[in-house]
Each structure stands twice: as C-alpha cells, then as structure tokens.
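Shown next, in structure tokens, is the structure this report addresses.
The values are calculated or read from the model by the stated rules, or taken from the named source; none is laboratory data. Bear in mind that the values here come from a model prediction, so they are computed numbers and not experimental data. Please note: Cβ atoms are built from the backbone with ideal geometry, for glycine as well, and neighbour counts cover all protein chains shown. Heads up: the accessible areas ignore ligands, DNA and RNA and are worked out on the full protein's heavy atoms, side chains in. Shrake-Rupley method; radii C 1.70, N 1.55, O 1.52, S 1.80 Å.
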Amino acid sequence: MKNREHKAKGVESRKLALEVLLRTNEEKSYVQSVLAASLKESKMSSRDKAFVTYLVQGVLRNLNVLDKTIKAHSHRPLEKMTSVLLNVLRLGTYQLLFMEEMPASAVLSTSTSVARMCGHSGLSSFTQAVLRNILRNVDKIREEHGIKDDTADTSFVSKDPEALSEHYSMPLWIVQRWIDAYGLEITISLLAYSQSSPKQCLRVNENAVEVKAVLTILEQAGLVVEASNVVPSCVRILSKGKFRGPLEKLPGFAEGLFSIQDEASQLVSYAVGAKAGDLVIDLCAAPGGKTLHMSEMMQNKGKILAVDKSEQRLSVLKTNRQRLSITNVEVIEGDGRNLKLDTKADKVLVDAPCSGTGVLNRRSDLRYHRREEDIKSLSELQLELLTNAADLVKPGGILVYSTCSVEKEENEQIIDKFLASNSNFEFESLTDIVSAFKSAPFDLDSNSGKIQLLPTMQGFSGFFLARLKHKS
C-alpha cells in the first residue's frame with residue numbers, strides 16, 4: 001500500500017518537502033543547504049524538484065499565517081502536535097491558501113497520504129479533518145490575510161510592532177529595528193518584500209556573447225526576459241513560461257554564456273571597477289559570483305586572488321571558474337582578517353558576511369536563525385575584515401565594502417568607524433557608475449561614495465556598498 005502511495009502523483013514531491021522541513025528544524029541547518037543535498041540525492045524530475053523548493057520556501061516565508069490558521073481550525077494545540085504532523089499541516093495549509101490553482105481534492109489526498117506514510121492512519125485522519133475545516137473557510141482566511149495571486153498581503157498596516165511581526169512572519173526584534181531606522185511606512189514595505197518570491201536574474205558573460213543574443217536564446221527556450229535598465233550585464237527573468245527545471249539547465253549555461261546572480265550583487269563588481277591587468281583581491285570570495293564577474297570585466301587579464309575560509313564554498317567557485325574558462329583567478333583558502341601580502345593590490349573587495357536582512361525573501365529561513373546579538377558580533381567581524389583589507393590596497397587604489405544587509409550597524413556605521421581610524425582613506429564617488437546606467441533608480445548624492453539599496457525604493461535586493469580610495 002505504502003509503495004503504491006509513494007508513487008501516486010504528487011506524493012513523492014510533498015514527502016520530500018516534508019523531509020526538508022524536518023531536517024532543517026532538527027539539524028538547525030539553513031534550508032538552502034538541506035534543499036541542495038536532498039534534491040541532489042533525489043531522482044525526481046526537474047519540475048518536481050522546482051515544486052519542492054517552491055513549497056518549502058513558501059512555508060518558511062509564511063509560518064505565522066500558517067500556524068495561526070492551523071491553530072484556529074484544530075482542537076489539538078500546536079505544541080501538542082508532533083513535528084511531522086505540524087509540518088504536514090503547514091504544507092497542506094500553504095497549498096490551500098497560497099496556491100489557488102491547485103485542486104483542493106489533490107491537496108487533501110496527497111497530504112493525507114504523506115501523513116499516513118510518515119506516521120499512521122490516525123495521523124492521516126486528523127490531517128484530513130483539519131484541512132477540511134480550513135477548506136470550508138478558505139475564502140474568509142485568504143481575505144483576512146490579504147492573500148491573492150500567490151502573494152502575502154502588501155497592504156496590512158498597523159502601528160503595533162507585534163501585530164506586524166505576526167502578520168509578516170518576522171521576528172519582533174527585526175520589525176522594531178526597522179521601525180527605529182526607517183520609520184513605519186518603509187518598514188511595512190520591507191516586510192511585504194521579505195514575503196515575496198525572489199526575482200531571478202542572470203549575468204551575461206560579455207566576453208563570450210552579447211546580452212541581446214542571450215535574450216534570444218532564452219526567448220527561444222520559452223522564457224519571458226528583459227535586459228536590465230540598470231546593470232549592463234544583467235538579464236531579468238520575468239517568467240519561466242514553458243521552461244521547467246533549474247536555471248542551470250537553460251541552454252547556454254553549461255557553455256559559460258551566463259551565470260545566475262542577483263542584480264544588486266552584480267552592481268558591486270561595477271563599483272570595484274576592475275580592469276584588464278589589475279591585481280584584485282576578493283577577501284570574502286565564496287561562492288564566487290562577484291569574483292568571476294570581475295574576471296569577466298577584466299577580460300581574463302591581470303589577476304584576482306579569491307580568498308575565503310570555506311573550502312566547500314570555494315569548490316563552487318572552482319567549478320564555475322572552469323565552466324566560464326577563467327584562468328586569472330587564484331583561489332586561496334584563508335581568513336581575510338589576517339591575509340598578508342608583499343604586493344599591494346589595485347582593487348580590494350570586502351563583500352562581508354552579514355545578517356542578510358536585505359535578502360530575506362531569497363533566504364526565507366534566515367529570519368529564524370538570526371538573533372539580535374548577531375548584529376554586534378557580525379559588525380565586529382566586518383570591521384576586522386575592512387581594517388585588514390586597508391593594508392592590502394596600494395596608494396591610489398580602491399577599496400569597496402558591501403553587504404546584503406539593511407542594518408545601519410553593518411553598513412554606514414562600519415564605514416564611519418573605519419574612516420575615523422584610517423585617515424589615509426576617503427570616499428570615492430560612485431556617481432560615475434550610477435550615471436552610466438540607463439534609468440538608474442538611485443537617489444544618489446553626486447559626492448557620495450556609498451549607496452544603501454532598499455527594495456522599497458529601487459525594487460532591488462537590500463544591498464549596501466561603499467567605495468573608498470587610498471590617498472596617494
């Protein structure tokens with residue numbers, strides 16, 4: 001019976017989604033690493049693997065709404081439920097609320113099958129009863145939470161941080177910090193963005209092909225795409241259309257015509273401005289997106305030292321280095337806080353480890369791993385990295401600092417502390433870079449050497465970057 005059930009349409013993918021959620025919780029791991037390992041071991045189709053990812057990320061982005069709904073429609077308290085039962089119900093509830101095109105009968109059938117396979121008949125019966133209760137009120141629940149077209153409510157307004165925290169499934173400490181730093185209106189926009197499905201972007205290898213040629217290749221594969229109006233090398237994927245599977249399976253990826261990289265992340269390499277013949281140091285390089293982008297900008301000439309502590313993450317850089325036929329990148333496993341060199345570099349990039357609060361929609365479970373005290377320890381690490389990086393820049397050279405955070409303690413305040421004790425550095429304006437882009441959506445002081453990207457203002461991921469110059 002269980003073997004037949006396992007092979008039933010849709011059950012296998014939902015069972016794997018359950019296993020990923022359970023492993024993420026039990027191992028206290030990041031969902032990205034658990035998903036990657038689980039999908040690699042699976043023999044499911046690319047389409048089913050994409051569905052698993054979609055389910056898992058959707059559940060994690062909307063935990064509070066899901067748990068509140070389950071609690072209201074179950075006679076058993078959540079704390080009395082086993083982890084298996086609770087996560088089966090979360091998966092089923094997510095599909096009923098956020099996947100309107102999914103037949104309710106299919107949701108109930110697959111959910112009860114998974115519950116039976118992973119528990120017993122009693123678990124299956126309870127699952128079906130709770131989901132049926134939810135189904136009876138599904139329109140009311142969707143209206144209450146503003147759920148429409150697979151998105152969470154973007155219009156929920158409250159002055160109460162606790163209400164915002166519950167509605168947007170965001171820890172209270174993050175909500176309060178954002179209100180203090182940016183005010184209520186921007187905070188609500190940041191919260192809504194953190195619930196959205198992340199945009200998918202590609203970086204075209206302009207040494208191998210023109211952007212318009214990649215657009216043609218992707219359109220022929222059934223995708224709806226457009227060239228970025230901000231970052232020259234970027235292609236935005238508006239819809240995957242008829243294409244099924246991971247982006248790595250797109251025509252042209254294996255041949256090195258493009259890579260997968262967020263649009264804001266690509267902007268950082270332009271801030272560094274690496275040129276052919278330069279010596280460049282990427283002090284926190286893995287998994288290597290910015291390193292390889294800079295190499296492409298250098299036309300594979302000169303040299304980049306890619307430094308990182310993680311051997312595993314550096315292996316991703318090495319794989320993509322080979323795929324892109326890049327030969328001017330030397331990989332160094334080491335700690336960027338104490339790297340010493342006899343030769344000084346023309347350009348140094350510190351893309352520092354950070355809280356990741358600017359990409360919470362892309363890393364949906366990060367909000368549950370971070371603690372407010374992490375901001376202090378991360379800021380100490382960031383300043384150490386930046387301080388050591390200063391010793392690696394030659395006079396007249398450029399030092400760029402970036403994070404995917406919207407926390408001022410990790411961004412402006414780090415730069416202020418650094419400049420207070422490093423008088424031989426000064427801001428180098430970024431206006432030349434921004435003004436070179438078409439319709440750049442940045443409100444930038446022409447004398448400023450720093451930018452804080454906010455999804456609420458630019459539609460980009462939350463990113464910070466500053467460009468400093470070593471005085472000659």
task = For the chain, would you read off the P(r) tail past 40 Å as a percentage of all alpha carbon pairs?
result = 24
query = Quick one: net charge of residue 21's neighbours, Cβ under 10 Å, K/R +1, D/E -1?
reply = -1
note = Using a 1.4 Å probe on heavy atoms of the protein chains only, the accessible area for residue 142 in Å², nearest 10, reads 20
inquiry  = If you wrap a convex hull around the alpha carbons of region 226-338, what volume per residue comes out, as a whole number of Å³?
reply    = 105
remark   = Taking every alpha carbon pair in region 300-447 and sorting the distances into 5 angstrom bins from 0 up to the bin holding the longest one, the percent per bin comes out as 2, 8, 14, 17, 19, 18, 15, 7, 1
Degrees separating the helix 63-72 axis from the principal Cα axis of the chain, which is the longest one = 20
Value of relative contact order over region 116-230, rounded to a whole percent, pairs C-alpha under 8 Å and six or more apart = 15
ask   = Dipole of region 282-381, Cα-centred, from +1 at each Lys and Arg C-beta and -1 at each Asp and Glu C-beta, to the nearest 20 debye?
value = 260
key: Only Lys, Arg (+1) and Asp, Glu (-1) charged, at Cβ; the chain dipole about Cα centre in debye   = 1740
³J(HN,Hα), Karplus 6.51/-1.76/1.60, whole Hz, each residue of region 304-318, x for Gly, Pro = 10, 9, 9, 10, 6, 7, 8, 5, 5, 6, 5, 5, 5, 4, 5
Calculated P(r) of region 130-211 - Cα pairs past 15 Å, % = 65
task = Calculate for the chain the 222 nm mean residue ellipticity that helices alone would give, adding -39,500 (n - 2.57) per DSSP H run of length 4 or more and normalising by residue count, nearest 500 deg cm²/dmol.
result = -14500 deg cm²/dmol
request  = State the answer as a single residue: which of 96, 118, 78 lies farthest towards the positive end of the charge dipole of the chain, with beta carbon charges of +1 for Lys and Arg and -1 for Asp and Glu, about the Cα centre.
outcome  = 118
ask   = Accessible area per residue, 1.4 Å probe, Å², for region 296-340: what's the number?
value = 57
ask   = Percentage of Cα-Cα pair distances in region 215-255 greater than 12 Å, rounded to whole percent?
value = 59
task = May I ask which of 290/394; 394/450; 140/242 have a Cα-Cα span longer than 23 Å here?
result = 140/242
ask   = For the Cα atoms of the chain, what angle does the longest principal axis make with the long axis of helix 104-118, in degrees from 0 to 90, nearest 10?
value = 90
key: Violating pairs (Cα-Cα greater than 26 angstrom) within the set 49/199; 301/408; 148/249   = 301/408; 148/249
key: Two-site label geometry, residue 139 and residue 219: point separation in nm, points 7 Å out along Cα→Cβ   = 4.2
task = May I have the pair-distance distribution P(r) for region 1-118, computed from all Cα-Cα distances with 10 Å bins from 0 and rounded to whole percent?
result = 13, 48, 34, 5
query = Once fully extended, how much extra length lies between residue 33 and residue 275, figured as 0.36 nm per residue of separation less the alpha-carbon to alpha-carbon distance?
reply = 83.7 nm
request  = Mind jotting down the distance between the C-alpha centroids of region 150-209 and region 98-122, whole Å?
outcome  = 30
message = At 7 Å along Cα-to-Cβ for each site, give me the label-to-label distance between residue 325 and residue 344 in nm.
response = 3.7
ask   = Can you give me the relative contact order of the chain as a percent, contacts being Cα pairs under 8 Å and 6 or more apart?
value = 11
note = Taking r as the C-beta separation of residue 315 and residue 369 and R0 as 25 Å, the FRET efficiency to the nearest 0.05 is 0.60
key: Rounded tilt (10° steps) of 372-390 against the dominant C-alpha axis of the chain   = 20
